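Okay, structure first, notes after.
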Amino acid sequence: MRDTIFALSSGAPPAGIGVVRVSGPDAGRALDVLVGKRPEQRKASLVRLYDASGQMLDEALTLWFPGPNTATGEDLAEFHCHGGRAVISAVEDALAEIEGFRRAEPGEFTRRAFANGQIDLSEAEGLGDLLAAETELQRSAALAMAGGVFSHQVEDWRTRLLTYAAQVEAALDFSDDDDVSEMPVGFADQLRSFQGELTDWLERPRSEKLGEGYRIVLAGPPNAGKSTLFNTLLESEAAITSPIAGTTRDVIERSVAIEGMPFTFVDTAGLHDGSQDSIELTGIERAREQLDRADCVLWLGPEGEGPEGAWEIVSQNDLKSAQEKQDPVIRVSGKTGENVNALKRLLVDAARQSLPKPGEAALNLRQHSLLSLAWSALGDAATQTDPLLVAEGLRNARQSFDQLTGRATTEDMLDSLFGRFCIGK
C-alpha cells in the first residue's frame with residue numbers, strides 16, 4: 001500500500017498561518033489521531049489538536065477531502081495552524097509518529113496528482129513554472145499552461161490523429177477491394193493543414209525566454225557611457241563608472257522586470273583595437289560574444305560601426321561633446337536620466353514582440369522538441385501513398401503527443417521534473 005505523506009504546504013515559518021497537508025490512503029487517520037474525529041467533508045472546522053500523549057498542540061482549522069475528487073486524487077486532510085516554528089514542528093512530529101506516515105519528498109503531492117490523473121505532464125510543468133515565476137509575464141504564461149490550455153490542444157490533436165489513423169486502417173483492411181485501394185482523396189492535404197497548426201505553436205517564443213528575459217546588450221567603445229546608462233536603466237549602481245577608459249573589463253549581467261516584462265541587461269567592456277592588456281583583451285572578446293546572444297544591442301559608439309540591426313543610441317546627450325548621429329533611435333543621458341523612461345518604453349514594446357504574449361501558453365524545450373517530432377512525422381505521412389507508411393508516420397506523431405501529456409514517459413524524466421518542486425507541493 002502507498003505511504004501517507006505530509007508536509008508544510010504554505011510558506012516557511014514564522015507566518016500568520018501554516019498549512020500542513022496530508023495525502024494518502026490513511027489521511028483520515030491524521031484527523032482521528034490529532035482531532036479525535038473527522039469533520040464534515042469539505043467544510044472548515046475549528047478544532048483543538050492533540051498529540052498521542054494528550055498534550056494540546058494548537059487550535060486550528062481542519063479540512064477533510066475524501067478521494068478521489070481531490071487535488072492529489074487521494075484522501076486528503078489539511079491542518080491550518082498558527083504559523084510559528086514550534087507549532088508546525090509539533091504538528092509534523094505528531095504526524096510522523098502515526099504508523100505508515102512519512103514526510104513528503106519535493107514535488108510528491110504534484111507527482112501523485114499526475115499519477116492519479118488529476119493533471120497531465122504539461123499541466124505539471126506549468127505548475128512548476130508558476131512556482132518559479134518572478135514576473136507578471138512568467139506568471140500569466142505558466143498559469144495558462146498549468147490551466148490546461150496546451151493539454152487540451154494536444155488532446156484535440158490526438159483525437160483528430162486517431163480519426164486519420166482509422167481512415168488509414170480502412171484503406172489497409174480493404175486494400176484488396178477495388179473500391180478502396182488508395183488513401184482518400186485530399187488526405188495528404190488534410191495532414192499538411194494539420195501540420196500547419198503545429199507550425200503556429202512551434203513558431204511561438206519559447207518559455208525559457210521568460211526566465212532569462214529579453215536580452216539587452218550595451219556596447220560601444222570605452223567611455224561611451226555604457227555603464228552609466230546600464231546603472232540608470234537598472235536603477236542601481238551595479239557597474240563601476242569612471243572617466244578612466246577601460247574601467248569595465250568583464251561582462252556584467254542583471255535581470256529586472258519593467259512593466260511586468262522580464263529583461264536581462266548586459267554591460268560590456270569597451271570595444272576597440274590595439275590593447276596590449278591581456279585582461280582587457282579577454283573582456284573585449286567576451287563583449288563580442290555577447291553581441292551574438294543579444295535580442296537587442298544598444299550601440300553607443302560611432303554611427304554605423306555597431307552590429308547589424310543594433311539600435312543607434314546617443315548616450316551622453318548632457319555633454320556638448322556627445323556624438324552626432326544622423327538617425328538615432330533615441331538621445332539619452334544616463335547621468336541626468338534624460339529620455340531614459342522613453343527608452344524603457346521602447347524596449348518594453350520590442351520585448352512584447354519577442355516574448356510570449358500575456359496569458360499565452362509557451363512551450364519549453366522538451367515540449368518544443370516533441371512537437372517538432374510530431375510535425376516531422378505528419379510531414380512524412382503526407383508525402384507517402386502507401387497506407388502502411390502513412391500509418392507509421394501517424395503512429396510516430398501519436399507517440400510524440402502521448403509523451404507531451406505523459407501518457408508515455410520515463411521515471412527518470414519524472415524524477416527530474418518533480419525534483420524541481422518544493423517540499424509540500
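The values are calculated or read from the model by the stated rules, or taken from the named source; none is laboratory data. Computed from a prediction, not measured in an experiment: that's the story for all the values here. FYI the Cβ positions are ideal-geometry reconstructions off the backbone, even for glycines, and counts take in every protein chain you see. Keep in mind that these areas ignore ligands, DNA and RNA; they rest on the heavy atoms of the full protein, side chains included. Shrake-Rupley method; radii C 1.70, N 1.55, O 1.52, S 1.80 Å.
Determine the share of the chain's accessible area contributed by carbon and sulfur atoms, expressed in whole percent, with a 1.4 angstrom probe. Write down the numbers at each step before the final one.
Working: 10080 of 20850 Å².
Heavy-atom surface of the chain belonging to carbon and sulfur, 1.4 Å probe: 48 percent.
Using the Karplus curve 6.51 cos²θ - 1.76 cosθ + 1.60 with θ = phi - 60°, what ³J(HN,Hα) values do you get for each residue of region 126-133, in whole Hz, with x for Gly and Pro?
Values per residue, Gly and Pro as x: x, 5, x, 5, 5, 5, 9, 5 Hz.
Express the accessible area of the chain per residue in Å², computed with a 1.4 Å probe while the remaining protein chains stay in the model.
On the way: 20850 Å² over 425 residues.
Per residue, the chain has an accessible area of 49 Å².
What list of ³J(HN,Hα) values in whole Hz, one per residue of region 155-165 in order, does the Karplus curve 6.51 cos²θ - 1.76 cosθ + 1.60 (θ = phi - 60°) give from phi, with Gly and Pro shown as x?
Once rounded to whole Hz, the list reads 5, 5, 4, 5, 4, 5, 5, 5, 5, 5, 4.
Under Stokes-Einstein, with the Kirkwood radius over Cα pairs standing in for Rh, what whole-number D in µm²/s applies to the chain at 37 °C and 0.692 mPa s?
Answer, rounded: 126 µm²/s.
Simple spin-label model, 7 Å along Cα-to-Cβ: residue 422 to residue 327 in nm?
Distance between the two pseudo-spin positions: 5.1 nm.
Tell me the GluC sites (Glu not before Pro) within region 49-126 that lie in a loop according to DSSP and have at most 12 other beta-carbon atoms within 10 Å. Display every interim value, and only then the final one.
On the way: sites: 59, 74, 78, 92, 97, 99, 108, 123, 125; in loops: 74, 97, 99.
Hits after loop and neighbour filter: 97, 99.
Using only DSSP helix segments of four residues or longer, with each worth -39500 (n - 2.57), what per-residue ellipticity at 222 nm results for the chain after dividing by its residue count and rounding to 500? Don't skip to the end; give the middle numbers.
Numbers: 14 runs with 183 residues, N = 425.
Dividing the helical sum by the residues of the chain leaves -13500 deg cm²/dmol.
Check the straight Cα-Cα distances from residue 335 and name the lysines below 16 Å, setting aside those fewer than 8 residues away within the same chain.
Partners within reach: 226, 320, 344.
When averaged across all projection directions, what area in nm² does the alpha-carbon convex hull of region 98-195 cover? Each step should come with its number before you reach the end.
Details: hull surface 42.9 nm².
One quarter of the hull surface, i.e. the mean projection, equals 10.7 nm².
For region 71-153, state what percent of all Cα-Cα pairs lands in each successive 10 Å bin, counting from 0 Å until the bin that includes the largest distance.
With a bin width of 10 Å, the distribution comes to 16, 34, 30, 17, 2.
Go through region 197-205 residue by residue and turn each phi into a ³J(HN,Hα) via Karplus (6.51, -1.76, 1.60, θ = phi - 60°); whole Hz please, and just put x for glycine and proline.
Per-residue couplings from phi come out as 5, 5, 4, 4, 6, 5, 7, 5, x Hz.
Would you mind working out the magnitude of the charge dipole of region 321-425 relative to its Cα centre, with +1 at each Lys and Arg C-beta and -1 at each Asp and Glu C-beta, to the nearest 20 Debye?
Values: 13 positive and 12 negative charges, 126 e Å.
Rounded to the nearest 20 debye, it is 600 debye.
5 Å is the cut-off here: which amide hydrogens, built 1.01 Å from N in the peptide plane, fall below it relative to residue 207, excluding neighbours closer than 5 in sequence?
Sorted by chain and number, the residues that satisfy this are 363, 364.
Provide, as a two-decimal number, the C-alpha radius of gyration of region 1-40 over 2.2 N^0.38 Å, N being how many residues it has.
Details: Rg = 11.8 Å, N = 40, 2.2 N^0.38 = 8.9 Å.
That ratio works out to 1.33.
If amide hydrogens are placed 1.01 Å from N in the peptide plane, which non-local residues have theirs closer than 5 Å to the one on residue 58?
49
Expressed as a rounded percentage, what relative contact order does the chain have, with Cα pairs under 8 Å and six or more residues apart?
Relative contact order for the chain comes out at 17 percent.
Using modelled backbone amide H atoms (1.01 Å from N, in-plane), which distant-in-sequence or interchain residues come within less than 5 Å of residue 10's amide H?
Under 5 Å from the amide H of residue 10 lie the amide H atoms of 19, each far enough along the sequence or on another chain.
Taking springs between alpha-carbon atoms closer than 10 angstrom, which of 122, 400, 321 fluctuates most in the Gaussian network model of the chain?
Comparing 122, 400, 321 in the GNM, the peak value goes to 321.
Could you work out the local net charge near residue 160, counting Lys and Arg as +1, Asp and Glu as -1, over the other residues with Cβ closer than 12 Å to its Cβ? Display every interim value, and only then the final one.
Values: positive: 158, 398; negative: 155, 156, 197.
Charge balance near residue 160 sits at -1.
Build a GNM of the chain with springs between Cα atoms under 10 Å: which of 261, 145, 183 gets the top mean-square fluctuation?
183
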